[in-house]
Amino acid sequence: MAQPKTPNAVAAQRERLGEQLRAYGSAFTELGRRFAVSLGVHSTDAFALLEICAAEERDAPLSPALLSKRISLTSGAMTALLNRLEQAGYLTRTREHRDRRIVTLRSSGDVKQLADNFFGPLNAQQDAVLGRYSGEVLDQVETLLSELRASLDAGLGDGGSP
């Protein structure tokens, strides 16, 4: 049975994990910036496209309201962003829900292909790293990240100081 960790050991591990997560986030942000440059759009627009594509892959397309929550934009800024992306031919707004007032965001086939070409080599590298770990370990990491995110979300949503 594992020994219980002291509060200091837990705090030190939290700091080490936090540093690695910040470094990963920084690298991901730089990758998104480079993708934006390749598309000729602002990085916020590129991250919005990535969110739209990822939601479509999960068969859970986004509305503008859901997207604005995911990337933290006001409704006015979201409208301007969607107008730019639609004008560039990277997305369409459809009304496929029973309630025709609900708008669904769909990425163009072009942007999906551009994203696949851009991210494909890096995805293969990351798949090779992940392939070295058992499914059980990866499930534990996924659970850990989910729980850490939930604790941050709870801290941000409680009206407290953070």
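The values are calculated or read from the model by the stated rules, or taken from the named source; none is laboratory data. Here the structure is a predicted model, which is why all the values come from computation and not from measurement. Every residue, glycine among them, receives a Cβ derived from its backbone with ideal geometry; neighbour counts consider all protein chains shown. The area values use the complete protein model at the heavy-atom level, side chains included, leaving out ligands, DNA and RNA. Shrake-Rupley method; radii C 1.70, N 1.55, O 1.52, S 1.80 Å.
Near Leu91, the amide H atoms lying under 5 Å from its own belong to Glu86, Ser108; only residues 5 or more places off or on other chains count, and H is placed 1.01 Å from N. Highest average first, the peptides 5-18, 80-93 ordered by how many other beta carbon atoms sit within 10 Å of their residues are 80-93, 5-18. Counting charges near Gly109 (Lys, Arg +1; Asp, Glu -1) among other residues having Cβ under 13 Å from its Cβ returns a value of -1. Kindly state, to the nearest 0.05, the FRET efficiency for Leu156 paired with Arg132, given R0 = 45 Å and r defined as their beta-carbon distance. So, using R0 = 45 Å, E works out to roughly 0.85. Over all other residues within a Cβ to Cβ distance under 14 Å of Ser26, the charged ones net out to +1, with Lys and Arg as +1 and Asp and Glu as -1.
With all protein chains kept in place, the per residue accessible area of the chain amounts to 71 square angstrom at a probe of 1.4 angstrom.
When you restrict to C-alpha pairs under 8 Å that are six or more residues apart and normalise by the size of the chain, the relative contact order lands at 13 percent. In the chain, a dipole from Cβ-located charges (positive for Lys and Arg, negative for Asp and Glu) runs towards its positive end, and of Cys53, Leu85, Ser107 it is Leu85 whose Cα lies farthest in that direction. For the options Asp99, Asp127, Asp59, a Gaussian network treatment of the chain with springs between C-alpha atoms closer than 10 Å singles out Asp99 as fluctuating the most. The candidate values are (1) 27, 17, 16; (2) 33, 21, 16; (3) 25, 18, 14; the one derived from this structure for semi-axes √(5λ) of the Cα gyration tensor in Å carries the label (2).
A cut-off under 14 angstrom between Cβ atoms defines the neighbours of Leu145, and their net charge, with Lys, Arg +1 and Asp, Glu -1, is -1.
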